[in-house]
Amino acid sequence: MFKQSIRSVSRQLQAPAAKRFLSLHEYRSAEILKSYGIGVPRGDAATTPQAAEDIAKKLNLEDMVIKAQVLAGGRGKGTFDSGLKGGVKLISSPYEARMYAEQMLGHKLITKQTGPQGKEVTAVYIVEREFVRREAYLAILMDRQNQCPSIVSSPQGGMDIETVAKENPDQIHSVKVDINQGVTPELAQQVAKTLGFSSKATPQAAETVEKLYKCFREKDATQIEINPLSETTEHEVLAMDAKLGFDDNASFRQEEVWSWRDLTQEDPQEIEASKSNLNFIKLDGNIGCLVNGAGLAMATMDIIKLYGGDPANFLDCGGGATAQAIEKAFQLITSEPGVTAIFVNIFGGIVRCDNIAKGLIAVTQNMNINIPIVVRLQGTKVEEAQQLISDSGLKIFSFKDLDEAAEKVCQLSKVVQMAREIDVNVSFELPL
């Protein structure tokens, strides 16, 4: 089960918040942990170089750390567009805090998780440098497969947990949490013993496990990842780095948490899609897809790949496949110049296929679309939907069979792609 939990960590860290999860910057996560009595290093965040200098003066320490705040992993090994290497720096004076803040704030940090485009740094976090004797890993995750929270721990912290799971799987420990009982003192003690801390620090580690679970439950979190959770040279247990994720279904209960959402860290198209209750997944292919339901989305991607195509700008409209949702989806899909075809694959269960067809016809009549549209509808009133599309006079390729539809959209996409490569205009303008 630990492998599933580790994969869950990776997915949640990389998933854009607009689709499912809200992620917070490290300093915001530290604020929440501190409010639950969990130990974190002293420090504060700054959005200007002057503020960074002032915080360093207030700390009045010779050993400090300045961390670039972006919602991506691998900051320490990242590179800025300013030329600075590394998003985590040791500093010893207010002057250095200001100097590094000037090179970080407003610049893009490129890491293994951001891609080549990088992410803009909107804040820096200046904290006391702690000297530690042991680093561990601790995470509480919502394990949807087992329908309960799970605690994942390891005595090997401060490194890529995926690597630990691969190279030393016996160093990963996982326990399920009974949702009715929560984390009991006995369970907390059991988890604490897996962290490899000294006997002096283990009691505080157990208390930290209990407090983290309380935070997890009360804040409607889907993930609390502490890497590393450290034992200092003075045997104090501190969360040195924290990543918290929250399910957007809980936003109405967690207004303060949602007020900390940093939209500058999210894809503008994903934000726009979320306003229309569309789940947007940006991929590198050239076939834009409109589906309803996560299962159908995965099947659609698989069958497109099977017939030699590459999905792109994936939109899941759930049960809300209305004309307005379809229009917004088409606007987002066609906003990428690399898209060469649109595949609409919708099961009419909550909404009827004939209503979907009416919405599709209305949208294609109003939009200047010059790439092929392939539609596969199944479900309630599918025969009526097929007739509406056929009578519309629009150049929409309609199918009942998924294989036929997928094969057709891949063929048409390749035709458009080849035509663009040799600079030949292939018209699929709608209506005829």
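The values are calculated or read from the model by the stated rules, or taken from the named source; none is laboratory data. None of these values were measured; they are calculated from a predicted model. With ideal geometry, Cβ positions are generated from the backbone for all residues, glycine too; neighbour counts draw on all protein chains shown. Surface accessibility is based on the protein's heavy atoms, side chains included, excluding ligands, DNA and RNA. Shrake-Rupley method; radii C 1.70, N 1.55, O 1.52, S 1.80 Å.
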What are the ³J(HN,Hα) couplings of region 96-105, residue after residue, when phi is run through the Karplus curve with 6.51, -1.76, 1.60 and θ = phi - 60°? Round to Hz, x for glycine and proline. 5, 4, 5, 4, 5, 4, 5, 8, 9, 5
Taking the Cα centre as origin and putting +1 on Lys and Arg beta-carbons and -1 on Asp and Glu beta-carbons, what dipole magnitude results for region 42-129, to the nearest 20 debye? 360 debye
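Suppose accessible area is computed on protein heavy atoms with a 1.4 Å probe; arrange 177, 40 from highest to lowest. If you can, show how the numbers build up before the last one.
Working: 177 5, 40 30 Å².
So, going from the largest accessible area down, we get 40, 177.
Provide the percentage of antiparallel DSSP beta bridges, counting only those with both residues in the chain; round to the nearest 5. Before the final figure, lay out the partial values.
Values: 52 of 72 bridges.
Once the DSSP bridges in the chain are tallied, antiparallel ones form about 70 percent.
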Using alpha carbons only, how many angstrom separate the centre of region 192-246 from the centre of region 105-184? 11 Å
Skipping prolines and chain starts, which residues have an amide H placed within reach, meaning under 5 Å, of the one on residue 134, given they are 5 or more residues away or on another chain? 231
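Given region 86-204, what count of lysine pairs have C-alpha atoms under 23 Å apart, with each pair 8 or more places apart or on different chains? Write out the running numbers ahead of the final one.
Numbers: 89/108; 89/112; 89/119; 108/119; 112/166; 166/176; 166/193; 176/193.
Step by step, the pairs that qualify in region 86-204 add up to 8.
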By a straight-distance test (C-alpha under 29 Å), which lysines pair with residue 395 as possible cross-link partners, with residues fewer than eight away in the same chain excluded? 282, 305, 328, 358, 381, 408, 414
Please calculate the 1.4 Å probe accessible area of residue 402, with all protein chains present, and give it to the nearest 10 Å². 40 Å²
In the full protein assembly as shown, how much of residue 404 is accessible to a 1.4 Å probe, in Å² to the nearest 10? 100 Å²
With every protein chain left in place, what is the accessible area of residue 79 in Å² (1.4 Å probe, nearest 10)? 50 Å²
Would you pull out the residues with amide H under 5 Å of residue 82's amide H, same chain only if 5 or more places away, H placed 1.01 Å from N? 108
Using all Cα-Cα distances in region 84-224, what percent lands in each 5 angstrom bin from 0 up to the longest? 2, 8, 14, 15, 15, 15, 13, 11, 5, 1, 0
Once the dipole of the chain is set up from charges on Cβ (+1 Lys and Arg, -1 Asp and Glu), the residue from the list 382, 56, 153 lying farthest towards its positive end is 153
What angle do you read, to the nearest 10 degrees and between 0 and 90, between the alpha-carbon axis of helix 49-59 and the longest principal axis of the chain? 30 degrees
Which is farthest toward the positive dipole end of the chain among 312, 205, 39, measuring Cα position about the Cα centre, with Cβ charges +1 (Lys, Arg) and -1 (Asp, Glu)? 205
Under 14 Å between alpha carbons, and skipping anything fewer than 8 positions from residue 77 in its own chain: which aspartates and glutamates qualify? 160
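Taking the Cα centre as origin and putting +1 on Lys and Arg beta-carbons and -1 on Asp and Glu beta-carbons, what dipole magnitude results for region 268-422, to the nearest 20 debye?
It works out to roughly 200 debye.
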Sequence-distant or interchain residues sharing an amide H contact under 5 Å with residue 344, placed H: which? 290, 374, 375, 376
Any idea what angle helix 382-391 forms with the longest principal axis of the chain, computed on alpha-carbon atoms, 0 to 90 degrees, nearest 10? 60 degrees
Of 128, 26, 102, 255, which has the most accessible area with a 1.4 Å probe, and how do the rest follow in descending order? 255, 102, 128, 26
Provide 42, 98, 352 ordered by accessible surface of protein heavy atoms (probe 1.4 Å), highest first. 42, 352, 98
Ordered by residue, what ³J(HN,Hα) values in Hz, to whole numbers, does region 229-237 give under the Karplus form 6.51 cos²θ - 1.76 cosθ + 1.60, where θ = phi - 60° and Gly and Pro are x? 9, 10, 9, 6, 5, 9, 6, 8, 9
Placing unit charges on C-beta atoms (Lys and Arg positive, Asp and Glu negative, everything else neutral), compute the dipole magnitude of the chain about its Cα centre in debye, rounded to 20. 240 debye
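Computed over the Cα atoms of region 42-129, what is the ratio Rg over Rh, Rh following Kirkwood? Please list the in-between numbers first.
Details: Rg = 11.9 Å, Rh = 12.4 Å.
My calculation puts Rg/Rh at 0.96.
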Where the Cα atoms of the chain are projected onto their three principal axes, how long is each span, largest first, in whole Å? 78, 50, 40
Scaled to the compact-protein estimate 2.2 N^0.38 Å, what is the alpha-carbon radius of gyration of region 268-422, rounded to two decimal places? 0.93
Ordered by residue, what ³J(HN,Hα) values in Hz, to whole numbers, does region 353-368 give under the Karplus form 6.51 cos²θ - 1.76 cosθ + 1.60, where θ = phi - 60° and Gly and Pro are x? 4, 5, 5, 4, 4, 4, x, 5, 5, 4, 5, 5, 6, 8, 9, 8
